[in-house]
Amino acid sequence: MSTIGIIANPASGKDIRRLVSHATVVDNNEKVNIVKRIILAAQGAGVTGVLVMPDTFLIGYKAAEDLMGSKELHIPVEILDMRVRGSVEDTILAAKLMEEKVVRCIIALGGDGTSRAVAKSITCTPLISISTGTNNVYPEMLEGTVVGIAAAAISTKVCDMGETCRRDKRIEIYKDGKMVDIALVDCVISKQKYIGSRAIWNPADIQRVIVSRANPASIGFSTIVGVKKIVREEDDFGASINVNTGHNELVAPIAAGTMKEIRVDEPIVHPLEEMFSMTMDYKGIMALDGERELPFKKGDTFQFKITRDGPYRVNIKRTIESAQMNGFFNR
């Protein structure tokens with residue numbers, strides 16, 4: 001069967017960054033509409049089944065119910081049988097279950113944090129990440145219809161995965177020789193001591209930023225590196241930079257509509273697989289892809305490594321072009 005999975009995060013786009021900037025937000029009713037468009041396009045392009053993560057807003061249930069009511073749904077849409085906690089653990093578990101059920105493509109609606117949660121569970125399933133706001137680097141702003149077509153092309157194996165998917169980089173964080181977490185885009189080390197709101201937004205407390213990618217055309221803390229050094233997705237290295245120190249005075253788009261003047265050192269390039277360490281001389285917290293996750297205390301030592309062990313990410317345009325050349329749209 002050519003089954004796809006859909007993970008729609010109802011909490012994405014509601015963090016403090018929306019209050020302190022002018023970021024676009026996609027509400028949950030629009031997420032239902034996006035899911036409906038994905039399902040219909042995937043169905044029309046040959047997908048034979050859909051698995052959807054359950055959530056507190058019932059996005060999957062509402063999408064399936066609406067499509068059954070309009071008599072447009074002709075393939076099974078199954079809501080995963082799992083306990084809903086209303087936390088990131090739902091996304092991590094749903095992605096794990098979908099890979100175990102051998103879905104051929106996972107579509108994630110959410111921000112950088114949602115994509116990171118999916119990436120923590122999957123090893124080989126191709127991923128399409130759809131942004132639901134303007135404060136994201138990893139997901140793309142994509143039309144659901146186009147996403148459904150691309151997912152169908154991947155799941156029906158009309159395209160060569162080696163040509164249409166690329167394995168992304170990730171930042172691995174270790175403590176005492178054990179990997180404790182990952183980030184897809186950036187790890188921000190901050191003197192803030194409490195998790196509070198999960199999203200980090202105040203640059204005054206930032207001490208260091210580690211990135212797998214960085215570009216001044218993005219939005220977020222990775223641009224603190226990007227305005228000084230560009231790190232492309234295909235580059236076999238990452239970088240880090242010390243913040244609120246040094247002699248470089250820069251301005252960076254750290255949030256939608258928000259340009260901040262920041263003082264930094266020269267960026268440090270980190271080749272893939274190179275392990276580097278940092279011993280903390282203060283108490284604080286690490287934000288991974290924009291969300292505070294790892295508290296630490298003075299004296300703690302962490303190791304970091306940038307690898308190409310991230311998810312296989314689908315290149316939408318290349319996938320659909322390859323499908324067209326292979327007769328995918330012929331009837």
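The figures follow:
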| quantity | calculated |
| --- | --- |
| Dipole moment magnitude, nearest 20 debye, segment 217-328 about Cα centre, only Lys, Arg, Asp, Glu C-beta charged | 260 |
| Kirkwood Rh and Cα Rg combined as Rg over Rh, evaluated for segment 31-123 | 0.95 |
| Karplus (6.51, -1.76, 1.60) ³J(HN,Hα), θ = phi - 60°, over segment 127-136, in Hz, Gly and Pro reported as x | 10, 10, 10, 10, 6, 10, x, 9, 9, 10 |
| Point-to-point label distance, THR48-TYR282, nm (Cα→Cβ direction, 7 Å offset) | 5.8 |
| Rounded, prolate or oblate (a/c below 1.5 giving rounded, otherwise prolate when a/b exceeds b/c) for segment 161-318 by Cα gyration tensor | oblate |
| Label-point separation, PHE329 to GLU249 (7 Å along Cα→Cβ), nm | 5.3 |
| Spin-label pair GLU140/ARG263, simplified geometry with 7 Å Cα→Cβ offset, distance in nm | 4.0 |
| Fraction of alpha-carbon pairs over 18 Å apart in segment 1-155 - percent | 53 |
| Inverse of mean 1/r across different Cα pairs in segment 263-313, Kirkwood, Å | 13.1 |
| For the chain, calculated [θ]222 nm from helices alone, where every DSSP H run of n ≥ 4 adds -39500 (n - 2.57) | -7000 deg cm²/dmol |
| Dimensions (Å) - the chain, Cα atoms, principal axes, largest first | 62, 38, 38 |
| Long-range lysine pairs (8 or more apart or interchain), segment 189-331, Cα under 12 Å | 8 |
| Antiparallel bridges, percent of DSSP beta bridges restricted to the chain (to nearest 5) | 75 |
| Relative contact order (percent, whole number), the chain, Cα cutoff 8 Å, 6+ residue spacing | 19 |
| 1.4 Å probe accessible area per residue over the chain, in Å² | 43 |
| For segment 82-235, the fraction of alpha-carbon pairs in successive 5 Å shells from zero, as % | 2, 8, 15, 20, 21, 16, 10, 5, 2, 0, 0 |
| Net dipole in debye of the chain [+1 Lys, Arg Cβ; -1 Asp, Glu Cβ; about Cα centre; nearest 20] | 280 |
| Lys/Arg +1, Asp/Glu -1 at C-beta; segment 45-112 dipole; positive extreme among ALA95, GLY110, THR56 | ALA95 |
| In sequence order, calculated HN-Hα J values of segment 28-39 (Karplus, 6.51, -1.76, 1.60; Hz; x Gly/Pro) | 5, 5, 5, 4, 4, 5, 4, 4, 4, 5, 4, 4 |
| FRET E, pair GLU30, LYS157, Förster distance 22 Å, beta-carbon r, rounded to 0.05 | 0.10 |
| Gain in span if fully extended, VAL102 to ASP300, counting 0.36 nm per residue against the direct Cα distance | 67.3 nm |
| Surface accessible to a 1.4 Å probe, LEU142 within the full protein complex, Å² | 40 |
| Rounded to whole Hz, the Karplus (6.51, -1.76, 1.60) HN-Hα couplings of segment 285-300, x for glycine and proline | 8, 9, 9, 10, 6, x, 10, 5, 10, 10, x, 9, 10, 4, x, 5 |
| Taking only Cα atoms of segment 238-325, radius of gyration then Dmax in Å | 18.0, 57 |
| Dipole axis of segment 176-309 (+1 Lys, Arg; -1 Asp, Glu on Cβ), positive-most option in PHE276, GLY226, VAL251 | VAL251 |
| Convex hull volume per residue in cubic angstrom - Cα atoms of segment 88-159 | 83 |
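The values are calculated or read from the model by the stated rules, or taken from the named source; none is laboratory data. Just so you know, these numbers come straight off a predicted model, no measurement behind them. In this analysis, Cβ positions are derived from the backbone assuming ideal geometry, glycine residues included, and neighbour counts consider all displayed protein chains. Surface areas here come from the heavy atoms of the whole protein model, side chains and all, with no ligands, DNA or RNA. Shrake-Rupley method; radii C 1.70, N 1.55, O 1.52, S 1.80 Å.
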